[in-house]
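A short worksheet on the structure shown next.
The values are calculated or read from the model by the stated rules, or taken from the named source; none is laboratory data. For clarity, every value in this text was computed on a predicted model and none was experimentally measured. In this analysis, Cβ positions are derived from the backbone assuming ideal geometry, glycine residues included, and neighbour counts consider all displayed protein chains.
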Amino acid sequence: MTFVVGVSSNAQIEFIEPSCGSGSFISKLLRTASTERISTITGVELNPRFAKAARSLWGSVAEIVEGDFLEWSANSKAQVNLMVANPPYVRHHHVTAERKGNNVRASSNELGITVSQLAGLYVYFLLLAHSLTPSARTRTGR
């Protein structure tokens, strides 16, 4: 985080931490970047207990969303220029057929990319995370 913030331009930071847990990367961002540079901070967490903890810790400076990042990103109008995350590593045979279908539709709708249903969850995570960036928004008109 220190490296990324240090070498980036002085642009405003629009930050997201998918699967944020209690917000360790949010914490690092706040220790690394000046508050004047931070435009938005969003954390997304599926586990209600961790989302509640993150909201308690960071709710005054960050929007903490309780939910599934893949579903949230497919429907979000958020735009970010800095994302720090640990993508989920879940093999395709551990993902339900319904979830696979939703992921295929979301990546197709957002980026025009059709991914095999044999892809692991991390593939959709990376694609839908990319859909939140300005360059992807420009191409898709979203």
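Here's a check for you: in region 26-37, which residue that is surrounded by fewer than 19 Cβ atoms within 10 Å (Cβ to Cβ), more than 15 Å from residue 86 (Cα to Cα) and not hydroxyl-bearing (Ser, Thr, Tyr) is farthest from the chain's Cα centre (by Cα)?
36
For residue 50, all conditions in the list (1) buried (at least 19 other Cβ atoms within 10 Å of the Cβ); (2) part of a helix (DSSP H, G or I); (3) among the aromatic types (Phe, Trp, Tyr) hold save one; what is the number of the exception?
Just one mismatch for residue 50, condition (1).
What are the pairs, 6+ residues apart or on separate chains, where a residue within region 55-75 that is over 27 Å from residue 99 (Cα atoms) and among the aromatic types (Phe, Trp, Tyr) has its Cβ under 9 Å from a residue that is modelled with pLDDT of 95 or more and in a strand (DSSP E or B)?
Cβ pairs passing all conditions: 58/41; 58/43; 58/64.
Take the residues of region 69-91 that are assigned to a helix (DSSP H, G or I) and crowded, with 16+ Cβ neighbours inside 10 Å: which is modelled with the lowest pLDDT?
Quick first cut of region 69-91, residues assigned to a helix (DSSP H, G or I) only: 69-75.
Now drop any that are not crowded, with 16+ Cβ neighbours inside 10 Å, which leaves 69-74.
Details: 69: 89, 70: 84, 71: 86, 72: 89, 73: 85, 74: 80.
Filtering region 69-91 for residues that are assigned to a helix (DSSP H, G or I) and crowded, with 16+ Cβ neighbours inside 10 Å, the one modelled with the lowest pLDDT comes out as 74.
Report yes if residue 122 is more than 16 Å from residue 20 (Cβ to Cβ), at pLDDT 80 or above, among the hydroxyl-bearing types (Ser, Thr, Tyr) and out of contact with any His (no Cβ under 8 Å at 6 or more places or on another chain), otherwise no.
yes
Does residue 111 qualify as being touching a residue at least 40 places away in the same chain (Cβ under 8 Å), in contact with a Leu (Cβ under 8 Å, 6 or more places away or on another chain), crowded, with 16+ Cβ neighbours inside 10 Å and not basic (Lys, Arg)?
The answer is no for residue 111.
Before we move on, is residue 66 of a type in the set (Asp, Glu), crowded, with 19+ Cβ neighbours inside 10 Å, within 25 Å of residue 108 (Cα to Cα) and modelled with pLDDT of 90 or more?
When the stated conditions are applied, residue 66 does not pass them.
So which residues in region 97-108 are touching a helix residue (DSSP H, G or I) at 6+ places or on another chain (Cβ under 9 Å) and either more than 16 Å from residue 132 (Cα to Cα) or exposed (fewer than 13 other Cβ atoms within 10 Å of the Cβ) (or both), if there are any at all?
Here is the first cut: in region 97-108, the residues touching a helix residue (DSSP H, G or I) at 6+ places or on another chain (Cβ under 9 Å) are 99-100, 102-107.
Matches in region 97-108: 99, 100, 102, 104, 105.
I need the full set of residues from region 16-47 which are within 11 Å of residue 61 (Cα to Cα), of a type in the set (A, V, I, L, M) and touching a Leu at 6+ places or on another chain (Cβ under 9 Å), in order please.
Once the filter is applied, which keeps residues that are within 11 Å of residue 61 (Cα to Cα), of a type in the set (A, V, I, L, M) and touching a Leu at 6+ places or on another chain (Cβ under 9 Å), region 16-47 yields 26, 38, 41.
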